[in-house]
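Reviewing the structure listed below.
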Amino acid sequence: MRSASLASHAAYLDPILDRFDADPLNLLQILRQAQEHYGYIHPDAVDYLCARLRVPRTKIEGVASFYAFLHLRPHGRYRILFSDNVTDHMLGSGALMQRLCRDLWTRPGRVSQDGLVSIGRTSCTGMCDQGPAMLVNERAVTRLTPARIDAIGALVRARAPLSDWPAEYFEVSSIIHLRGPLLGDPPAPGAAVAAAFARGADAVLAQAEAAALAQVDAAGLRGRGGAGFATAAKWKACRDAPGDARYVVCNADEGEPGTFKDRVLLTERFDLVLDGMTVCAYVVGARQGFIYLRGEYRYLLDALEAKLQARRDAGLLGPHAGGPDGFEFDVRIHVGAGAYVCGEESALLESLEGKRGTPRNRPPFPVTHGYRGRPTVVNNVETFACAARIALDGVDAFRARGTEQSSGTKLLSIAGDCRRPGVYEVAFGTTIAEVLEFAGARDTQAVQVGGPAGMCLSTLEFGRRIGFEDVPTAGAFTIFDHRRDMFEVARNYVRFFAHESCGFCTPCRVGTTLLRNLMDKLHQGRGSPYDFGEIQQLNGLLQSLSHCGLGHSACNPVLDTIERFRPAYERRLVNREFVPAFDLDRALEPARAMTGRDDAGAHLGTLDDESD
Ligand code: SF4
């Protein structure tokens, strides 16, 4: 590979560079497309990009090494990643992965000797309602069964291109069980924008503002991404910030394990989302918008680009954008590359600027210093859809659903132990018990609301209500019946945090790994009550010293489950005395194997005995 000439790299890289204006701000997009040629980013391609973009090699390698879906070394021609989410495991993904490894004579985490295939795991793929799922060269394959796995093994062995694989393998359905204003009859594209223009920007802002001040005066649009910040306050701060350029960014980096409602919104109501972005652009005075699409949803890109073009053709994007003279707004899609932390808005902006997705120090906040240091609104997909409905239907209609402090509806991604997984649009204020009833859940022992960073609720709490004032959520709602071991659920979530820690700050990088090791130690039956104290200490450390929310919330699933499902932990406490996390005797196993010794003297315990 290394022998490929620079000229041959120029042949495929130049068109990519032209498409992205040879601008280092687009580095992530350039690297994504550059790797499609060889399946990885060839070292000579890095040299060529350094020269054309005028950036040092360390910059390109630093960015490429940050993202899970970018590779500086060859991977298998077929790169297969099974979703590691807890619901995929509940549906048997572990056995399916072993089966495929057996079929293809390989092991997880390895590239096969002939370079044909690599098999591993990735964080939640956002297909929990149709799992088990996996990605093959970043394309989602859903509804895996043993028969499908065997067929895939045969296709890989036959080196069949993905275009020849049965289309149903790649089918991703929008499973919607309960519809409200967001998922009900779709308005005409641009209808919400027209309604907003008819009222005038101040009126729109006033509406949104009134709706957003829910915490104090009984109404409000609040961010649907989890934090629940008042949307109107954000828009107003951006509009009032000094500067001549402003941006609107739609956060479609839906990475929280267990959530997939934004995938459905983008698929089914993209025009509503774009209407909301356009209304926002009108209010704040932005001309450029971005959609940050998570890498796992890359398969949506062509359809979304086609819809953007259709809106341009209809005059709903570009000059005028369906509005008065002088107004202009267009939207570009930026595809992520497998980094959960980029869901954090400042990390997302770094990624949008072609850098590693490391969360920024705040303040200053993105509303004043966002994309390229300019005032920027970053809102979730669902928030923009809500903003469009407010512009279209008015505040009263929006407030007619929900509670005093949480107005409107909430999309829930329901998965796990229930008969009807899928997306449900419920009014805020709906109880957990009612949601379980909708979903056909029976014998439920726990619900994880809001993903691993959210809350774990037991049966005693099923009367609680979805809403910012009680059970806030970005949308994940994962159900566990009494067959499930809640310790293993928490261990899966802890593994997720350790895997997704971006490594920028030591407390999180080390703390999440220590937490994972402690849970593994308990899992192996080597834990003691002392380890609960260790977990508490780690939580204090992560809470106080982590740079962003990932570190702050990493202990949540463990603390919640210790409090509610303590017997699941107690069962694993074989030892009442402290046992070190590091098993020195086990670590010496390779040395014993090399020396051919396994006698008593080659084991630590025996040495202790001898010294007595
Ligand atoms: Fe990265 Fe974790 Fe630090 Fe956040 S807390 S910046 S994810 S290392």
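Consider residue 367 carefully, then state whether it is in a strand (DSSP E or B) and of a type in the set (A, V, I, L, M, F, W, C). Step through it out loud before you land on a result.
On the way: in a strand (DSSP E or B): no; of a type in the set (A, V, I, L, M, F, W, C): yes.
Here the answer is no, as residue 367 does not meet what is asked.
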Hey, residue 528 within 14 Å of the ligand (Cβ to nearest atom) and either within 27 Å of residue 83 (Cβ to Cβ) or of a type outside the set (A, V, I, L, M) (or both) or not: no
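Quick one: count up the residues across region 466-513 that are among the basic types (Lys, Arg), within 16 Å of the ligand (Cβ to nearest atom) and out of contact with any Ser or Thr (no Cβ under 6 Å at 6 or more places or on another chain). Even if it seems obvious, please write down each step before you answer.
Here is the first cut: in region 466-513, the residues among the basic types (Lys, Arg) are 483-484, 491, 495, 509.
Subset that is within 16 Å of the ligand (Cβ to nearest atom): 495, 509.
Now drop any that are not out of contact with any Ser or Thr (no Cβ under 6 Å at 6 or more places or on another chain), which leaves 495.
Adding up the residues that qualify gives 1.
Would you confirm whether or not region 62-69 contains a residue that is over 20 Å from residue 292 (Cα atoms) and at pLDDT 95 or above? Lay out the reasoning, then the answer.
Filtering region 62-69 down to residues over 20 Å from residue 292 (Cα atoms) leaves 62.
In the following step, the residues that additionally are at pLDDT 95 or above were identified as 62.
Yes, region 62-69 contains a residue that is over 20 Å from residue 292 (Cα atoms) and at pLDDT 95 or above.
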Residue 336 vs. criteria farther than 24 Å from residue 393 by Cβ and over 24 Å from the mean Cα position of the chain (by Cα): no
Test: residue in region 538-550 that is crowded, with 23+ Cβ neighbours inside 10 Å and away from the ligand (no atom under 15 Å from the Cβ): no
Residue list for region 268-290, filter: among the β-branched types (Val, Ile, Thr) and within 12 Å of residue 196 (Cα to Cα): 278, 279, 283
Complete set of residues in region 352-365 that are closer than 15 Å to residue 253 by Cβ and either buried (at least 24 other Cβ atoms within 10 Å of the Cβ) or without any contact (Cβ under 8 Å) to a residue 40 or more places away in the chain (or both): 352, 357
Breaking point among (1) closer than 25 Å to residue 115 by Cβ; (2) at pLDDT below 95, for residue 16: (2)
Residue ranges of helices (runs of 4 or more DSSP H) in region 221-340 with at least 3 members within 30 Å of residue 497 (Cα to Cα): 261-268
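In the set 100, 81, 183, 144, which member is in contact (Cβ under 8 Å) with a residue 40 or more places away in the chain, surrounded by 13 or more Cβ atoms within 10 Å (Cβ to Cβ), in a strand (DSSP E or B) and not small (Gly, Ala, Ser)? Please lay out each step first, then the result.
Details: 100 fails: in a strand (DSSP E or B); 183 fails: in a strand (DSSP E or B); 144 fails: in a strand (DSSP E or B).
Only one candidate passes the filter, namely 81.
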Failed condition for residue 574, given (1) within 16 Å of the ligand (Cβ to nearest atom); (2) of a type in the set (A, V, I, L, M, F, W, C); (3) part of a loop (DSSP other than H, G, I, E, B): (1)
Selection from region 39-72 of residues that are part of a helix (DSSP H, G or I) and touching a residue at least 40 places away in the same chain (Cβ under 8 Å): 43, 44, 47, 48, 62, 63, 66
Close pairs from region 553-564: first surrounded by fewer than 23 Cβ atoms within 10 Å (Cβ to Cβ), partner assigned to a helix (DSSP H, G or I), Cβ under 7 Å, at least 6 apart: 559/539; 562/532; 562/569
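The values are calculated or read from the model by the stated rules, or taken from the named source; none is laboratory data. Since the model is a prediction, treat every value here as computed from it, not as a measurement. Cβ sites come from the backbone with ideal geometry, for glycine too, and all protein chains shown count toward neighbours.
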